[in-house]
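One structure below.
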Amino acid sequence: MKTMEQIRHLYSRAGFGLRFEDMRLVEQLSVKHSIDFLFRSSVQSKPLVSVKENVNYKDFLKDDQLSRKMFMMQQRQQEKDLNIEWLKNMSTGNTQLRDKMTLFWHNHFACRTLNAWYAQQLNNIQRDNALGNFRTLLLEVSKTPAMLQFLNNQQNRKGHPNENFAREVMELFTIGRGNYTEQDVKESARAFTGWGFNKDGVFAERKFLHDDGQKTFLGNTGNFTGEDIIDMLLAKKQTAHFICTKLYKYLVNEVPDAANVNAMADVFYNHKYEIKPLLEFVFNAKWFYNEKNTGNLIKSPVEFIVAMNRQFYIDYQNPDIQIQFQRALGQVLFYPPNVAGWPGGKNWIDSSSLMYRLSIPATVLNDGVIDFTGKTDPDDEAFIATARKEKKAVHTRVQTQPDWNKFLSDIPAHTTKKEIAQLVLSPAINSKLLSIINKATDIKTMVIELVSTPEYQLS
Amino acid sequence: MKRRDFLKNTALASGAFLIPSFLKPLEAMAMGDMSGYKNLVIIQLSGGNDGLNTIVPYGNDIYYQKRSTIAIKQPDIVKLDDMQGLNPNLSALKELYDQGWMSIINSVGYPNPDRSHFRSMDIWQTASDSDQFLTTGWIGRYLDSNCNTCKEPYTAVEVDDTLSLAMKGAKMKGIAVENPAKLYRSTREPFFKELVHGHDTDLNEDNLGYLYKTMIETYSSADYIQQTSKTYNTTASYPQTAFANQLKSVAKFINSGLKTRVYYVSLSGFDTHTTQQNQQGRQLKIYGDGVAAFIKDLKQAGKLDDTLVMTFSEFGRRVEQNASNGTDHGTANNVMIFGGKLKKSGIYNTAPNLAQLDNGDLKYEIDFRNVYATLLDKWLNVNNSQILTRNFSGLNFV
């Protein structure tokens, strides 16, 4: 594989795709230096700030309907703002590696909260630590009101344990199923008793609710606290293996290769769960650039939207339409289907989501109209019930402004149509695509067509 | 066809074109003998419908004690037996009930119930245990089982813009069709036609192959659904609601002889925390009037005996009302079944026990997967243990 092809692959996995603009920056660099460049560009962590206050849930509990309605409206607005702000940062910022990993942790530590302030806080922790240390990330996530509330640890008390949090920490966040017993769940739940948050949304170890008796966990006996449990989980290499398997599926191939994943787990474990060395190992590995690992991952809906926004510098007059896109395509940020996150891969694709994917580019890039009804999320039902109307089809003029001039002017002189096509599409250009390319009368038409193919769904 | 048509978003495909050989079996399929071809229609009420104000246990004093302002008054109730009756907004269903076309299963739920909308809906749609996360839906796994009755890409149709998790299997997925003509048009963009017809080579098992397979099946199913359904003219009258319209589409599909086994429709707006009576009443009226029109349409077309309808919601609501004249999230709920050939119509089992509650919530008596097992074994003719996480015994309503 030629250097530029490798860099293009790197950008599609470590970020949201290479643009001609980026190509100019890296064309003189080796793959190794391009990797360094990606890390350097991602040093900064720009937090989400659109949610300005923690809206008072007490208003919701008040008896009068108006306060409840106001509360729900405010909450929805905050959620929308948060979603759009994150999408915008991913679409226009330069920290694509950090953003890509934040998206990974957003799915790994999948959480739903109706409180947008908590959601923002959790997301910022995931971003701050996206390339940092997994132990720190895990601990901080475990102490967020969002997660504590979502996994019912607020109700986990001495004498009345709630096992939800302890179970998911093991099953989904660290060592995975099959590496612990039901007894381990019970014992560790006791260790997490008292972990909660106060009315200001700040973590609190409520000593009077904590069970400080002896626990036996993964074969060790002691007076364990929650933090002890987390350290014992990290001491097990299965945790490194579990995270690396998931990361491999996210960055390399849906089908994990045992040897490659084991090598990753060694690096991760030996570097005490530092994420950066692990990623450097992956991006520098020869197998990362193997043909079987290129152009074969199905982009998530958010990756699909962000990649398009970035490639064509799309400006939305009504950014909320992007939430509709997320809904139609099956991934709304901050709304994972459950604590296990979005299953990904082929699960993204069904007849309707695929037809939307194939139709969105022509509307977004060419000022079209798109018809939407879409489903309501179950969490929106209370709002709908009060809204007193049936769901209506949304017939929206998308109203976008792609910057075609910038896209076209960044194309270096003497670039062939095929080369342009290959920058837009990750899979190799086959004869069918070639005939589309050859028939195209102008670059813009050709590019819109290419973005509307099944091939474009792959990265 | 000008290639620029693709850029004009209003461009519609028209005219004949050559069907490549690999598409023929599907598109050229003759309508076979359709008698005895059974359909299942699933209606999802989203938001957690309050079952106690739907099928009202008016014979139980506790109901009136716990719901001092939102209980349905005795004279308004459409009485079914000495204990239970219909919410007056469901009065259109009385006729179906009297004909023996309706069965009410009380207290359906599952162990360790979850009161979160999305989690409980997830559980109902995937048929998982409450501490288990499945990435496929129960109808999707029925499709995956590749049984004799479920091989076609249009075996399961959801009348909606997007596809529910319930309809997604690991290999096979249902198809979302809000409007057959619209779906047909969207697939017939000249550029998409070109893509589809350019791909009559072997489709690989990899992701690109899967994408093309999905695209080609959608293309092909869109045509089959459009061509078949337009042969039937609906004469029955339906209420002017979006929900009734969806059922009208389902009836059109069934009556035209579409070889689809499972249909999925949802109605939302049941999360009634405040001023429940009006809100729920409005939704129930939409539901009841729609279903009544649908069942009569099928009856008239001679398809009712081959159709079974199941209505569920992700949970019921707490027995005691809240301070805002509403109800909060609860647990067990009733499931309504409709069909022309019910083995046991009427009220299937005893009314919910309001005296013995679990923290203020109804205790479930029938696992919802026993209901699913019945539908799978006896209606869709596939062994339920292949599709559910283990074998569940069936009930006797069919």
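The values are calculated or read from the model by the stated rules, or taken from the named source; none is laboratory data. Computed from a prediction, not measured in an experiment: that's the story for all the values here. Glycine also receives a Cβ, built like all others from the backbone with ideal geometry; neighbour counts cover every protein chain displayed.
Take the residues of the stretch A:1-42 that are out of contact with any Phe, Trp or Tyr (no Cβ under 9 Å at 6 or more places or on another chain) and outside any helix (DSSP H, G or I): which is nearest to A:Lys299 (Cα to Cα)? Among residues in the stretch A:1-42 that are out of contact with any Phe, Trp or Tyr (no Cβ under 9 Å at 6 or more places or on another chain) and outside any helix (DSSP H, G or I), the one nearest to A:Lys299 (Cα to Cα) is A:Phe16. Of the residues making up the stretch A:264-287, none is of a type outside the set (D, E, K, R), within 14 Å of chain B (Cβ to nearest Cβ), surrounded by fewer than 22 Cβ atoms within 10 Å (Cβ to Cβ) and touching a residue at least 24 places away in the same chain (Cβ under 8 Å).
Taken as a whole, the structure places A:Glu205 among residues that are of a type in the set (Asp, Glu), surrounded by 13 or more Cβ atoms within 10 Å (Cβ to Cβ) and free of Cβ contacts under 8 Å to residues at least 24 places away in the same chain. As a summary of the residue check, A:Thr396 satisfies the conditions (1) touching an Asp or Glu at 6+ places or on another chain (Cβ under 9 Å); (2) at pLDDT below 90; (3) within 12 Å of another protein chain (Cβ to nearest Cβ) except for the one numbered (3).
For the stretch A:239-256, enumerate the residues that are surrounded by fewer than 16 Cβ atoms within 10 Å (Cβ to Cβ) and in contact (Cβ under 8 Å) with a residue 24 or more places away in the chain. Break it down stepwise before answering.
The first filter runs over the stretch A:239-256 and keeps only residues surrounded by fewer than 16 Cβ atoms within 10 Å (Cβ to Cβ), leaving A:254-255.
Scanning the stretch A:239-256 gives a single hit, A:Glu254.
If the condition is being within 14 Å of chain B (Cβ to nearest Cβ), surrounded by 13 or more Cβ atoms within 10 Å (Cβ to Cβ), assigned to a helix (DSSP H, G or I) and touching a Lys or Arg at 6+ places or on another chain (Cβ under 8 Å), then the stretch A:408-438 contributes A:Leu434, A:Ile437. Is the stretch B:100-120 home to any residue that is without any contact (Cβ under 8 Å) to a residue 40 or more places away in the chain and farther than 28 Å from A:Leu151 by Cα? The answer is no, given that none of the residues of the stretch B:100-120 is without any contact (Cβ under 8 Å) to a residue 40 or more places away in the chain and farther than 28 Å from A:Leu151 by Cα. Among the residues here, A:Val306 does not qualify as in a helix (DSSP H, G or I), among the β-branched types (Val, Ile, Thr) and over 30 Å from A:Trp404 (Cα atoms).
So which residues in the stretch A:175-187 are surrounded by 19 or more Cβ atoms within 10 Å (Cβ to Cβ) and not in a loop (DSSP other than H, G, I, E, B)? Explain how you work it out, then say what you get.
Keep residues of the stretch A:175-187 that are surrounded by 19 or more Cβ atoms within 10 Å (Cβ to Cβ), which gives A:175, A:180, A:184-185, A:187.
Result: A:Asp184, A:Val185, A:Glu187.
Only one residue in A:Arg76, A:Arg112 is surrounded by fewer than 17 Cβ atoms within 10 Å (Cβ to Cβ), closer than 24 Å to A:Val302 by Cα and in contact with a Phe, Trp or Tyr (Cβ under 7 Å, 6 or more places away or on another chain). Which one? Don't jump to the end; show me each part of the working.
Details: A:Arg112 fails: surrounded by fewer than 17 Cβ atoms within 10 Å (Cβ to Cβ).
One residue alone meets the criteria, A:Arg76.
With the requirement that a residue be part of a loop (DSSP other than H, G, I, E, B) and in contact with a strand residue (DSSP E or B) (Cβ under 6 Å, 6 or more places away or on another chain), what does the stretch B:319-343 give you? Quick ask: steps written out before the conclusion?
Looking only at the stretch B:319-343, we keep the residues that are part of a loop (DSSP other than H, G, I, E, B), and these are B:319-328, B:330-332, B:340-343.
Within the stretch B:319-343, B:Thr327, B:Gly330, B:Thr331, B:Ala332, B:Leu342 meet the criteria.
Filtered by the rule that a residue be free of Cβ contacts under 8 Å to residues at least 24 places away in the same chain, more than 17 Å from the chain's Cα centre (by Cα) and at the interface with chain A (Cβ under 8 Å from one of its Cβ atoms), the stretch B:149-185 gives a lone residue, B:Lys182.
Consider B:Phe192 carefully, then state whether it is out of contact with any Lys or Arg (no Cβ under 9 Å at 6 or more places or on another chain) and either within 22 Å of B:Thr260 (Cα to Cα) or buried (at least 23 other Cβ atoms within 10 Å of the Cβ) (or both). Give the derivation first.
Values: out of contact with any Lys or Arg (no Cβ under 9 Å at 6 or more places or on another chain): yes; either within 22 Å of B:Thr260 (Cα to Cα) or buried (at least 23 other Cβ atoms within 10 Å of the Cβ) (or both): no.
Considered against the rule, which asks whether it is out of contact with any Lys or Arg (no Cβ under 9 Å at 6 or more places or on another chain) and either within 22 Å of B:Thr260 (Cα to Cα) or buried (at least 23 other Cβ atoms within 10 Å of the Cβ) (or both), B:Phe192 comes out as no.
In the condition set (1) at the interface with another protein chain (Cβ under 9 Å from one of its Cβ atoms); (2) outside any loop (DSSP other than H, G, I, E, B); (3) modelled with pLDDT of 90 or more, A:Asn405 is compliant with all but (1).
Residues that are within 22 Å of B:Ala181 (Cβ to Cβ) and touching a residue at least 40 places away in the same chain (Cβ under 8 Å): does the stretch B:279-286 have at least one? So far as the stretch B:279-286 goes, no, none of its residues is within 22 Å of B:Ala181 (Cβ to Cβ) and touching a residue at least 40 places away in the same chain (Cβ under 8 Å).
Free of Cβ contacts under 8 Å to residues at least 24 places away in the same chain and in a loop (DSSP other than H, G, I, E, B) - does that describe any residue in the stretch B:347-367? Within the stretch B:347-367, one or more residues are free of Cβ contacts under 8 Å to residues at least 24 places away in the same chain and in a loop (DSSP other than H, G, I, E, B). Taking the stretch B:107-148 as the range and being under 15 Å from the mean Cα position of the chain (by Cα) and hydroxyl-bearing (Ser, Thr, Tyr) as the test, the residues that pass are B:Thr126, B:Tyr142.
Listed by position, the helices (runs of 4 or more DSSP H) contained in the stretch B:44-156 that have at least 3 residues being under 22 Å from B:Tyr372 (Cα atoms) are B:117-126, B:138-144.
Here is a yes/no grid of residues against (1) of a type in the set (A, V, I, L, M); (2) closer than 28 Å to A:Gly15 by Cβ; (3) away from chain B (no Cβ under 14 Å):
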residue	(1), (2), (3)
A:Lys88	no, yes, yes
A:Asn107	no, yes, no
A:Gly132	no, yes, yes
A:Val141	yes, yes, yes
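In the condition set (1) at the interface with another protein chain (Cβ under 10 Å from one of its Cβ atoms); (2) of a type in the set (D, E, K, R); (3) over 27 Å from the mean Cα position of the chain (by Cα), B:Lys193 is compliant with all but (1).
For every residue, the table says whether it meets (1) among the polar types (S, T, N, Q); (2) without any contact (Cβ under 8 Å) to a residue 24 or more places away in the chain; (3) in contact with a Phe, Trp or Tyr (Cβ under 8 Å, 6 or more places away or on another chain).
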| site | (1), (2), (3) |
| --- | --- |
| A:Pro402 | no, no, yes |
| A:Ile411 | no, no, yes |
| A:Thr416 | yes, yes, no |
| A:Glu419 | no, yes, no |
| A:Ala428 | no, no, no |
| A:Ala440 | no, yes, no |
| A:Ile443 | no, no, no |
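Does the stretch B:213-233 include one or more residues that are in contact with a helix residue (DSSP H, G or I) (Cβ under 6 Å, 6 or more places away or on another chain), at negative phi, within 9 Å of chain A (Cβ to nearest Cβ) and acidic (Asp, Glu)? Looking for residues that are in contact with a helix residue (DSSP H, G or I) (Cβ under 6 Å, 6 or more places away or on another chain), at negative phi, within 9 Å of chain A (Cβ to nearest Cβ) and acidic (Asp, Glu), one finds none in the stretch B:213-233, hence no. When restricted to residues that are within 14 Å of chain A (Cβ to nearest Cβ) and either crowded, with 24+ Cβ neighbours inside 10 Å or in a loop (DSSP other than H, G, I, E, B) (or both), the stretch B:285-296 contains 2. A:Lys346 meets each of the listed conditions (1) out of contact with any Leu (no Cβ under 8 Å at 6 or more places or on another chain); (2) buried (at least 21 other Cβ atoms within 10 Å of the Cβ); (3) in a helix (DSSP H, G or I) apart from (2). None of A:Arg135, A:Arg127, A:Arg190 is at pLDDT 95 or above and either in a loop (DSSP other than H, G, I, E, B) or surrounded by fewer than 20 Cβ atoms within 10 Å (Cβ to Cβ) (or both) except A:Arg135.
Residues in the stretch B:256-278 that are surrounded by fewer than 23 Cβ atoms within 10 Å (Cβ to Cβ) and assigned to a helix (DSSP H, G or I) were compared, and the one that is nearest to the other protein chains (Cβ to nearest Cβ) is B:Asn278.
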